[in-house]
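Notes follow once the structure below has been shown.
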Amino acid sequence: MPLSTFIVRLTDKLILVETLLEHSDSETKSSYETFRKQAKDLFKKMSHNSEPSGIIISEPNYFLYVIEQNILYMTLCEKAYPKRLAYNFLEEIKKEFDIQFGGEVMRAGLRPYAFQKFDTFIQKTKALYRDTKAQKNLDRVSKDLKDVNRIMTQNIKDILTRDGKLEAVADRSSLLLNQAQRYKDRTTKMNSLYYWRTYGPILAGAVIILLFLVLRFYWF
């Protein structure tokens with residue numbers, strides 16, 4: 001079943017809503033904190049340019065997410081939980097959240113967990129999706145609302161490691177571009193100085209001769 005759900009504004013990685021585990025013991029809570037940290041690491045890697053939906057495996061669970069209008073909706077589910085049910089669950093959360101708060105999410109000055117009261121709706125919806133054998137959920141699975149097999153599936157370790165390397169490469173590329181731009185500016189300045197030193201006296205002489213000819217033509 002869906003264990004926890006996050007709603008995050010991607011522009012500044014602001015957590016708007018987060019559901020917590022219910023009635024968890026110390027061992028479960030410790031395990032959840034590990035997944036919670038992973039979720040936050042994933043938030044940092046995502047932007048409006050990320051895949052609009054995806055499945056990220058983190059044994060023994062998986063994250064499923066949907067991005068729409070710079071808002072990330074992500075749920076953590078048990079490995080055995082049907083991915084199509086998880087997707088439908090997240091779609092219901094997304095649609096209702098947009099109805100209730102769509103006009104407010106981009107407002108400046110929002111504090112973390114600004115819409116935490118929406119967790120009430122998430123918990124009610126979560127209860128409906130808890131039993132995978134319930135008829136309504138069997139019907140949801142049978143409906144081909146979304147072919148989840150076509151959603152990109154990745155491993156969380158690959159994402160965090162690869163993106164970390166990509167960020168390092170991006171930083172080095174940015175440094176090289178800055179250095180190249182400075183070199184180009186310096187070269188342009190030196191060429192300009194060389195041009196004026198070489199051709200400046202000639203141009204000045206030509207201007208003086210031209211002025212002399214014009215004055216002579218009009219005054220003599």
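The values are calculated or read from the model by the stated rules, or taken from the named source; none is laboratory data. The structure displayed is predicted, hence computed values, not measured ones. Cβ sites come from the backbone with ideal geometry, for glycine too, and all protein chains shown count toward neighbours. Each accessible area value is taken on the protein alone, full model and side chains, heavy atoms only, with ligands, DNA and RNA left out. Shrake-Rupley method; radii C 1.70, N 1.55, O 1.52, S 1.80 Å.
Just checking, which of Val66, Val8, Val17 is open to solvent by less than 40 Å² (accessible area, probe 1.4 Å) and more than 22 Å from Gln154 (Cβ to Cβ)? Among Val66, Val8, Val17, only Val17 is open to solvent by less than 40 Å² (accessible area, probe 1.4 Å) and more than 22 Å from Gln154 (Cβ to Cβ).
Each row is one residue, and each column tells you yes or no for (1) closer than 26 Å to Leu128 by Cβ; (2) over 15 Å from the mean Cα position of the chain (by Cα).
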{"site": "Phe35", "(1), (2)": "yes, yes"}
{"site": "Lys40", "(1), (2)": "no, no"}
{"site": "Cys77", "(1), (2)": "yes, yes"}
{"site": "Arg107", "(1), (2)": "no, yes"}
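Looking only at the stretch 58-77, residues that are more than 15 Å from Met1 (Cα to Cα), in contact (Cβ under 8 Å) with a residue 60 or more places away in the chain and hydrophobic (A, V, I, L, M, F, W, C) come to 2 in all. If only residues of the stretch 75-89 that are out of contact with any Leu (no Cβ under 6 Å at 6 or more places or on another chain) and aliphatic (A, V, I, L, M) are counted, the one that is nearest to Leu64 (Cα to Cα) is Leu85.
When we screen Ala80, Ala39 for residues that are hydrophobic (A, V, I, L, M, F, W, C), without any contact (Cβ under 8 Å) to a residue 12 or more places away in the chain and either surrounded by fewer than 16 Cβ atoms within 10 Å (Cβ to Cβ) or more than 14 Å from Lys126 (Cα to Cα) (or both), the only hit is Ala80. Among the criteria (1) open to solvent by less than 70 Å² (accessible area, probe 1.4 Å); (2) farther than 14 Å from Phe6 by Cα; (3) over 21 Å from the mean Cα position of the chain (by Cα), the one Ile55 does not fulfil is (3). Considering only residues that are closer than 18 Å to Val66 by Cα and open to solvent by 50 Å² or more (accessible area, probe 1.4 Å), which ones fall in the stretch 101-120? Hit for the stretch 101-120 is Met106, nothing else.
Determine whether Trp196 is among the aromatic types (Phe, Trp, Tyr) and modelled with pLDDT under 65. The answer is no for Trp196.
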